[in-house]
Amino acid sequence: MNLDIKICGLKTDDAVAAALDGGASHIGFIFFAKSPRNIDPVEAGRLRKAAIGRAKAVAVTVDADDATFDAIVAAMKPDFLQLHGHETVERVAQVKARFGLPVIKAFALRERDDLDQIKPYDGVADMFLFDAKPPKGSELPGGNGVSFDWQLLSALDGQVPYMLSGGLNAANIGAALQATNARGIDISSGVESAPGVKDVSLIKEFFQAVRAAQSVNAV
């Protein structure tokens with residue numbers, strides 16, 4: 001299985017290098033002031049240069065306005081825009097039209113009925129990202145280190161393009177892939193030694209676990 005792997009919330013040269021050397025297909029930079037992974041667009045633009053020709057760079061935003069998007073796109077030159085807030089179908093279409101970039105729309109899941117919210121976005125967003133609903137008191141829409149019941153995704157049409165996110169780490173990625181048959185995975189807090197601090201050794205361990213899981217699933 002050709003699996004897309006996105007390492008998100010990157011802030012340092014070492015972490016970017018570890019993600020790329022491990023085989024990431026996507027690297028993500030977060031533009032949300034409340035996040036410990038928040039980064040300046042100019043710095044993200046500098047870091048993303050290492051991915052040119054190796055991986056796609058994703059700009060992650062939360063209910064951003066046009067001026068914020070303009071600054072991010074100009075400074076970073078992302079390959080994808082990820083909308084991780086409460087953006088409407090109309091807003092997703094506006095962002096796509098304004099920048100001519102593919103859009104990943106994130107959704108938080110807890111119950112099977114939560115999947116109904118993606119239907120209006122089908123054909124508008126280029127890809128979905130399924131994350132767990134934030135724990136009570138969290139101000140972050142993602143990166144909380146919590147997962148959801150992966151069996152919920154069995155209700156999806158097999159043609160729905162999505163990345164699996166939420167509480168993934170080296171210990172559970174094998175079970176996650178077996179349960180969902182996801183074609184893409186997204187990890188942030190699962191490769192951190194502290195909130196917002198990527199750990200190169202944990203990134204390496206995660207890629208090793210992914211390869212081990214793929215080997216098992218291929219048998």
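The 1.4 Å probe gives accessible areas that order H86, H26, largest first, as H86, H26. Per atom type, the chain shows carbon and sulfur on 51% of its accessible surface, probed at 1.4 Å.
With no solvent and one point per C-alpha, what does the Debye sum give as log10 I(q)/I(0) for the chain at q = 0.09, 0.13 Å⁻¹? The calculated log intensity ratios at q = 0.09, 0.13 Å⁻¹ are -0.32, -0.69.
Temperature 20 °C, viscosity 1.002 mPa s: under these conditions the Stokes-Einstein estimate for the range 39-129, based on its Kirkwood radius over C-alpha pairs, is 156 µm² per second. Each of P195, A44, L115 was placed along the dipole of the chain (beta-carbon charges, centred on the mean Cα), and the one lying farthest toward the positive end is A44.
Solvent exposure of the chain, expressed per residue, is 46 Å² of accessible area, with all protein chains present and a 1.4 angstrom probe. Among beta bridges identified by DSSP and lying wholly in the chain, the antiparallel ones come to about 5 percent. Using θ = phi - 60° in the Karplus curve 6.51 cos²θ - 1.76 cosθ + 1.60, the 3J(HN,Hα) couplings for the range 87-100 round to 4, 6, 4, 5, 5, 4, 5, 4, 5, 4, 5, 5, 10, x Hz; x is entered for Gly and Pro. In this simple spin-label model, placing a label point 7 Å from the Cα along the Cα-to-Cβ direction at both S193 and K34 gives a separation of 2.8 nm. Per-residue surface analysis assigns T12 an accessible area of about 70 Å², computed on protein heavy atoms at 1.4 Å probe radius. Around the amide H of I5, modelled in the peptide plane, lie the amide H atoms of S25, H26, I185, all under 5 Å away and 5 or more residues distant in sequence or on another chain. For the range 32-89, the average shadow cast by the Cα convex hull is 4.3 nm², which is a quarter of the hull's surface.
The values are calculated or read from the model by the stated rules, or taken from the named source; none is laboratory data. Since the model is a prediction, treat every value here as computed from it, not as a measurement. Cβ atoms come from the backbone with ideal geometry, glycine included; neighbour counts cover every protein chain shown. Remember, those area values only see protein heavy atoms, side chains included, never the ligands or the DNA or RNA. Shrake-Rupley method; radii C 1.70, N 1.55, O 1.52, S 1.80 Å.
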